[in-house]
Amino acid sequence: MKVGVLALQGAFREHVKILHRIGVEGIEVRLPEDLEGLEGLIIPGGESTTMGKLAVNYNLMEPLRNFASEKAVWGICAGMIFMAKEIGMNQPLLGLMDIVVERNAFGRQADSFKTTLNIPVLNNGYCKPFPAVFIRAPKLSSVKEPAQVIANLPDGTAVAAQQGKWLVTSFHPELTEDLRFHHYFLKLI
Ligand code: GLN
(Lines give C-alpha, C1' and ligand atoms only; values in the text may rest on other atoms or scores of the structure.)
Protein backbone atom coordinates (compact mmCIF):
# COMPACT_ATOMS: atom_id res chain seq x y z
CA MET A 1 0.00 0.00 0.00
CA LYS A 2 1.22 3.52 -0.81
CA VAL A 3 0.23 6.45 1.40
CA GLY A 4 1.16 10.03 0.55
CA VAL A 5 2.41 12.69 2.93
CA LEU A 6 2.01 16.30 1.77
CA ALA A 7 5.62 17.51 1.83
CA LEU A 8 5.38 21.24 1.09
CA GLN A 9 6.62 22.14 4.59
CA GLY A 10 6.18 21.01 8.19
CA ALA A 11 6.54 17.65 9.92
CA PHE A 12 6.24 15.35 6.89
CA ARG A 13 9.43 13.29 7.43
CA GLU A 14 8.21 12.00 10.80
CA HIS A 15 5.10 10.53 9.16
CA VAL A 16 7.05 8.94 6.31
CA LYS A 17 9.28 7.25 8.93
CA ILE A 18 6.30 5.91 10.89
CA LEU A 19 4.64 4.61 7.71
CA HIS A 20 7.84 2.69 6.90
CA ARG A 21 7.92 1.31 10.45
CA ILE A 22 4.44 -0.12 10.03
CA GLY A 23 5.19 -1.59 6.62
CA VAL A 24 3.56 1.00 4.36
CA GLU A 25 5.31 2.92 1.60
CA GLY A 26 5.21 6.65 2.45
CA ILE A 27 5.40 8.91 -0.61
CA GLU A 28 6.28 12.62 -0.34
CA VAL A 29 3.72 14.65 -2.30
CA ARG A 30 4.76 18.00 -3.79
CA LEU A 31 3.19 17.96 -7.24
CA PRO A 32 -0.24 16.90 -8.54
CA GLU A 33 1.24 13.84 -10.30
CA ASP A 34 2.66 12.58 -6.98
CA LEU A 35 -0.93 11.74 -5.93
CA GLU A 36 -1.27 9.04 -8.58
CA GLY A 37 -1.60 5.52 -7.19
CA LEU A 38 -1.87 6.60 -3.54
CA GLU A 39 -4.45 5.05 -1.20
CA GLY A 40 -4.55 7.90 1.28
CA LEU A 41 -2.87 11.18 2.23
CA ILE A 42 -1.52 12.64 5.46
CA ILE A 43 -1.39 16.45 5.71
CA PRO A 44 1.16 17.12 8.45
CA GLY A 45 1.53 19.84 11.04
CA GLY A 46 3.44 22.97 10.14
CA GLU A 47 2.20 26.45 9.32
CA SER A 48 -1.17 26.44 7.60
CA THR A 49 -0.76 29.85 5.92
CA THR A 50 2.55 28.81 4.31
CA MET A 51 1.23 25.38 3.41
CA GLY A 52 -1.85 26.91 1.77
CA LYS A 53 0.18 29.44 -0.23
CA LEU A 54 2.57 26.74 -1.47
CA ALA A 55 -0.35 24.47 -2.39
CA VAL A 56 -1.84 27.32 -4.46
CA ASN A 57 1.54 28.05 -6.13
CA TYR A 58 2.08 24.37 -6.99
CA ASN A 59 -1.45 24.06 -8.45
CA LEU A 60 -2.31 21.45 -5.85
CA MET A 61 -5.66 22.78 -4.56
CA GLU A 62 -8.00 21.12 -7.09
CA PRO A 63 -5.95 17.89 -7.32
CA LEU A 64 -6.03 17.61 -3.51
CA ARG A 65 -9.81 18.20 -3.43
CA ASN A 66 -10.36 15.61 -6.17
CA PHE A 67 -8.14 13.11 -4.35
CA ALA A 68 -10.02 13.68 -1.08
CA SER A 69 -13.40 13.19 -2.76
CA GLU A 70 -12.53 9.48 -3.10
CA LYS A 71 -9.74 8.74 -0.65
CA ALA A 72 -8.85 8.92 3.03
CA VAL A 73 -7.12 12.10 4.23
CA TRP A 74 -5.77 12.85 7.72
CA GLY A 75 -4.89 16.42 8.68
CA ILE A 76 -2.73 17.09 11.72
CA CYS A 77 -2.74 20.53 13.36
CA ALA A 78 -1.97 22.85 10.39
CA GLY A 79 -3.38 20.02 8.25
CA MET A 80 -6.60 20.14 10.29
CA ILE A 81 -6.86 23.90 9.62
CA PHE A 82 -6.22 23.30 5.90
CA MET A 83 -9.03 20.69 5.70
CA ALA A 84 -11.65 22.86 7.45
CA LYS A 85 -14.53 24.65 5.76
CA GLU A 86 -14.36 27.58 8.17
CA ILE A 87 -11.63 29.21 10.26
CA GLY A 88 -12.78 32.85 10.37
CA MET A 89 -9.58 34.03 8.64
CA ASN A 90 -8.67 34.60 5.04
CA GLN A 91 -6.15 31.99 3.86
CA PRO A 92 -6.28 29.13 1.31
CA LEU A 93 -8.28 26.14 2.62
CA LEU A 94 -9.26 22.84 1.04
CA GLY A 95 -12.68 23.33 2.68
CA LEU A 96 -13.42 19.62 3.00
CA MET A 97 -14.76 19.01 6.50
CA ASP A 98 -17.83 20.43 8.21
CA ILE A 99 -15.80 21.81 11.07
CA VAL A 100 -15.04 25.28 12.36
CA VAL A 101 -11.43 25.55 13.53
CA GLU A 102 -9.83 28.22 15.71
CA ARG A 103 -6.11 28.64 15.00
CA ASN A 104 -3.60 28.96 17.86
CA ALA A 105 -6.45 28.37 20.30
CA PHE A 106 -4.15 27.47 23.21
CA GLY A 107 -1.82 30.47 22.92
CA ARG A 108 1.70 30.81 21.58
CA GLN A 109 4.60 28.37 21.10
CA ALA A 110 5.40 28.55 24.82
CA ASP A 111 1.92 27.27 25.56
CA SER A 112 2.55 23.96 23.82
CA PHE A 113 1.72 21.02 26.09
CA LYS A 114 1.45 17.29 26.40
CA THR A 115 -1.42 15.34 27.92
CA THR A 116 -3.18 12.01 27.60
CA LEU A 117 -6.58 11.52 26.02
CA ASN A 118 -9.12 8.77 26.11
CA ILE A 119 -9.99 8.10 22.47
CA PRO A 120 -12.67 5.37 22.26
CA VAL A 121 -12.18 4.70 18.50
CA LEU A 122 -8.58 3.64 19.20
CA ASN A 123 -9.33 1.41 22.15
CA ASN A 124 -10.65 -1.87 20.85
CA GLY A 125 -12.23 -2.93 24.10
CA TYR A 126 -9.42 -1.80 26.40
CA CYS A 127 -8.69 1.64 27.72
CA LYS A 128 -5.16 2.89 27.27
CA PRO A 129 -4.90 6.69 27.18
CA PHE A 130 -3.29 8.19 24.06
CA PRO A 131 -0.32 10.58 24.52
CA ALA A 132 -1.21 13.86 22.79
CA VAL A 133 1.32 16.60 21.98
CA PHE A 134 -0.14 20.04 21.23
CA ILE A 135 2.10 22.62 19.48
CA ARG A 136 0.50 26.00 18.85
CA ALA A 137 -2.52 23.86 18.28
CA PRO A 138 -5.92 24.72 16.86
CA LYS A 139 -9.16 23.57 18.44
CA LEU A 140 -12.46 22.51 16.94
CA SER A 141 -14.91 25.25 17.90
CA SER A 142 -17.75 23.53 16.06
CA VAL A 143 -18.25 20.10 14.48
CA LYS A 144 -21.33 19.72 12.30
CA GLU A 145 -23.01 16.57 10.95
CA PRO A 146 -21.84 14.42 9.25
CA ALA A 147 -18.52 15.17 11.00
CA GLN A 148 -18.19 13.64 14.50
CA VAL A 149 -15.97 14.53 17.45
CA ILE A 150 -13.70 11.59 18.37
CA ALA A 151 -11.56 13.16 21.13
CA ASN A 152 -11.96 15.85 23.76
CA LEU A 153 -9.73 17.42 26.39
CA PRO A 154 -10.96 16.97 29.98
CA ASP A 155 -12.56 20.46 29.82
CA GLY A 156 -14.65 19.31 26.84
CA THR A 157 -12.65 21.07 24.08
CA ALA A 158 -12.94 19.01 20.88
CA VAL A 159 -9.51 18.12 19.48
CA ALA A 160 -10.12 15.35 16.92
CA ALA A 161 -12.90 14.61 14.45
CA GLN A 162 -13.84 12.24 11.68
CA GLN A 163 -16.10 12.62 8.64
CA GLY A 164 -16.23 9.38 6.69
CA LYS A 165 -12.66 8.74 5.52
CA TRP A 166 -11.44 12.14 6.68
CA LEU A 167 -9.72 12.53 9.99
CA VAL A 168 -8.34 15.58 11.81
CA THR A 169 -6.32 15.88 15.02
CA SER A 170 -5.18 19.06 16.82
CA PHE A 171 -2.26 17.10 18.28
CA HIS A 172 0.75 15.28 16.78
CA PRO A 173 0.71 11.44 17.03
CA GLU A 174 3.91 11.32 14.89
CA LEU A 175 5.85 12.78 17.85
CA THR A 176 5.01 9.85 20.12
CA GLU A 177 5.85 6.15 20.12
CA ASP A 178 2.14 5.27 20.11
CA LEU A 179 1.26 4.29 16.55
CA ARG A 180 -2.43 3.61 17.14
CA PHE A 181 -3.60 6.72 15.26
CA HIS A 182 -1.55 5.76 12.21
CA HIS A 183 -3.02 2.26 12.36
CA TYR A 184 -6.51 3.74 12.73
CA PHE A 185 -5.96 5.88 9.62
CA LEU A 186 -4.80 2.82 7.66
CA LYS A 187 -8.03 1.10 8.73
CA LEU A 188 -10.05 3.97 7.25
CA ILE A 189 -8.16 3.49 3.99
N1 GLN B 1 -0.23 27.27 14.54
C2 GLN B 1 -0.09 26.60 13.27
C3 GLN B 1 -1.06 27.17 12.24
O4 GLN B 1 -1.86 27.97 12.54
C5 GLN B 1 -0.28 25.11 13.41
C6 GLN B 1 0.78 24.52 14.30
C7 GLN B 1 1.09 23.08 14.02
O8 GLN B 1 0.79 22.54 12.94
N9 GLN B 1 1.79 22.45 14.94
O10 GLN B 1 -1.00 26.79 11.11
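In this structure residue 49 has an accessible area near 40 Å², from a 1.4 Å probe over the protein heavy atoms. Per residue, the solvent-accessible area of region 96-189 (1.4 Å probe, heavy atoms of protein chains only, all protein chains present) comes to 46 Å². Pairwise inverse Cα distances across the chain, averaged and inverted, put the Kirkwood hydrodynamic radius at 16.2 Å. Protein heavy-atom surface of region 111-189, 1.4 angstrom probe: 54% of the accessible area is carbon and sulfur, with nucleic acids and ligands not counted.
Computed from phi, the 3J(HN,Hα) profile of region 51-68 under the Karplus parametrisation 6.51, -1.76, 1.60 (θ = phi - 60°) reads 4, x, 5, 5, 4, 5, 4, 8, 6, 9, 4, 5, x, 5, 5, 5, 4, 5 Hz, with x in place of Gly and Pro.
With both labels modelled 7 Å from their Cα along Cα-to-Cβ, the residue 59 to residue 183 distance reads 4.2 nm. Once the Cβ-Cβ distance of residue 33 and residue 148 is raised to the sixth power relative to R0 = 35 Å, the FRET efficiency obtained is 0.55. When the surface is traced with a 1.4 Å probe over the full set of protein chains, residue 155 keeps roughly 120 Å² accessible. Note on the chain: helix-only mean residue ellipticity at 222 nm, from DSSP H runs of 4+ residues weighted -39500 (n - 2.57) and normalised by residue number, equals -6500 deg cm²/dmol. Once you have a ≥ b ≥ c as the square roots of the Cα gyration tensor eigenvalues for region 1-68, tell me rounded if a/c is under 1.5, and otherwise prolate or oblate according to whether a/b is larger than b/c. Here region 1-68 falls in the oblate category. Computed on region 1-135, with alpha-carbon pairs under 8 angstrom and 6+ residues apart, the relative contact order is 18 percent. Sites count as exposed loop sites when they are trypsin sites (Lys or Arg not before Pro), lie in a DSSP loop, and have at most 16 other Cβ atoms within 10 angstrom; the longest stretch of the chain without one is 31-107.
Evaluating 6.51 cos²θ - 1.76 cosθ + 1.60 at θ = phi - 60° for every residue in region 80-97, the Karplus couplings come out as 5, 4, 5, 8, 6, 7, 9, 9, x, 9, 9, 7, x, 10, 6, x, 8, 9 Hz, glycine and proline recorded as x.
Remark: the Cα gyration tensor places region 90-162 in the oblate category, a/c being 1.5 or greater and a/b not exceeding b/c.
The values are calculated or read from the model by the stated rules, or taken from the named source; none is laboratory data. This structure is a prediction, so every number in the text was calculated from the model and none was measured. Note that each Cβ is placed from the backbone with ideal geometry, even for glycine, and that neighbours are counted across all protein chains shown. What goes into the accessible areas is simple: the full protein's heavy atoms, side chains included, and nothing from ligands, DNA or RNA. Shrake-Rupley method; radii C 1.70, N 1.55, O 1.52, S 1.80 Å.
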